[in-house]
Amino acid sequence: MRYIMEKIKASVLLLTQNNENSIKRCLDSLVAFDEVVMIDGGSKDKTLEIANSYENVKVIFNPWPGFVEQRNFSIEKASHDWCFMIDSDEAATAELIAEIRKVLSNNPDKKMYRVMRTEFYLGKAIEFGFGRSNWQERLFLKKHITYTGGVHHQHLIDGVHQSQAQEQIGNLDPDARVLHDEEYGLKDWAMKLPRFAILRAEEKIRAGRKMSGLEVFLEFPLTFFKIGKQNLKHREIGFVITLQTAIFRTLVKLIIYEKTRIGFDARDKNVKKLG
């Protein structure tokens with residue numbers, strides 16, 4: 001008789017919105033979990049159709065309120081005590097599934113665990129330099145955790161910022177990984193650039209950040225040389241990653257400059273036009 005392994009009693013937390021090109025890879029890697037809580041912000045493509053074909057996926061619609069708000073909403077909807085967070089353009093390796101199963105079955109003594117995420121660019125794993133594979137907080141006890149911050153969100157552990165609660169965080173086996181999109185490249189980055197640059201800029205503006213013209217002007221060359229030194233060994237791919245980073249950071253600062261120094265928004269009918 002064929003032995004069927006019991007499902008992992010943990011809730012996977014997943015945010016989606018028009019991810020038909022990557023969601024199947026992601027969900028295929030999560031079939032060992034008892035529950036995948038998929039919070040959809042309003043997909044218009046085949047994302048929901050694909051998701052509904054998986055028995056362990058629970059789809060919940062919630063209009064996009066922001067990254068942190070959507071993350072915290074997903075925690076509220078989880079049925080299990082332990083949660084594992086993953087993005088729609090990622091996949092969990094078999095080694096990671098086995099590691100999570102082992103950790104949760106051995107009375108874990110931490111409230112949160114980091115997982116190593118492998119970054120890719122055009123099929124090549126980026127294991128050193130800027131944008132390299134890195135540790136990320138992904139597995140946690142939901143009653144102790146709240147998301148905070150902005151686009152680059154972090155966590156509060158029992159109300160204390162994660163940087164002040166390191167004794168509550170452990171690391172899983174570094175060979176048990178989350179894999180980012182292996183085919184990620186310039187086209188994907190260009191499609192995400194406007195949205196993420198605006199979100200990052202607005203996050204900084206809310207924190208009181210202002211920008212001078214000189215800062216905007218210097219951002220590109222300073223970032224290019226700083227990141228470029230780290231990515232020399234990646235050669236052509238390193239050159240592209242460096243340019244991307246310099247463009248992104250410059251655009252964020254330019255948006256801040258426009259909003260805080262010029263203060264014009266054509267969509268705001270109450271703002272008088274310049275000139």
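Note on I262 and A207: their simple-model spin labels are 2.4 nm apart, each label 7 Å out from Cα toward Cβ. Relative protection proxy for 183-192, 221-230, 241-250, from highest mean packing down: 241-250, 221-230, 183-192 (other beta-carbon atoms within 10 angstrom). As a rough footprinting exposure proxy, the listed residues E6, E69 were ranked by other beta carbons within 10 Å of their own, and the order from fewest upward is E6, E69.
Each helix, a run of at least 4 DSSP H residues, gives -39500 (n - 2.57); summed and divided by the residues of the chain, these come to -11000 deg cm²/dmol at 222 nm.
Computed over the alpha-carbon atoms, the range 1-106 gives an Rg to Rh ratio of 0.97, Rh here being the Kirkwood radius from the mean inverse distance. The simple Förster model, with R0 at 35 Å and r as the Cβ-Cβ distance, assigns D34 and L122 a FRET efficiency of 0.50.
Taking amide H as placed 1.01 Å from N in the peptide plane, S29 has its amide H under 5 Å from the amide H of A92, each at least 5 places away in sequence or on another chain. What does the C-alpha gyration tensor say about the overall shape of the range 146-186? Classify as rounded when a/c is under 1.5, otherwise prolate if a/b is larger than b/c, or oblate. Oblate is the answer for the range 146-186, as a/c is 1.5 or above yet b/c matches or exceeds a/b. For the chain, the calculated P(r) over all alpha carbon pairs, in 5 Å bins from 0 to the bin holding the longest distance, is 1, 5, 10, 14, 16, 16, 14, 11, 7, 3, 1, 1, 0, 0, 0, 0, 0 percent. Annotation: amide H-H contacts under 5 Å for H155 (H modelled 1.01 Å from N, sequence separation of 5 or more, or interchain): T148, Q162.
Bridge orientation summary for the chain: considering DSSP beta bridges with both residues in this region, about 50 percent are antiparallel.
Shape descriptor for the range 46-162: Rg over Rh equals 0.96 (Cα atoms; Rh from the Kirkwood inverse mean 1/r).
A short reminder: the numbers here are calculations on the coordinates, not readings from a lab. On a predicted model such as this, the values are computed, not experimentally measured, just so you know. Ideal geometry is used to build each Cβ from the backbone, glycine not excepted, and the neighbour counts take in all protein chains shown.
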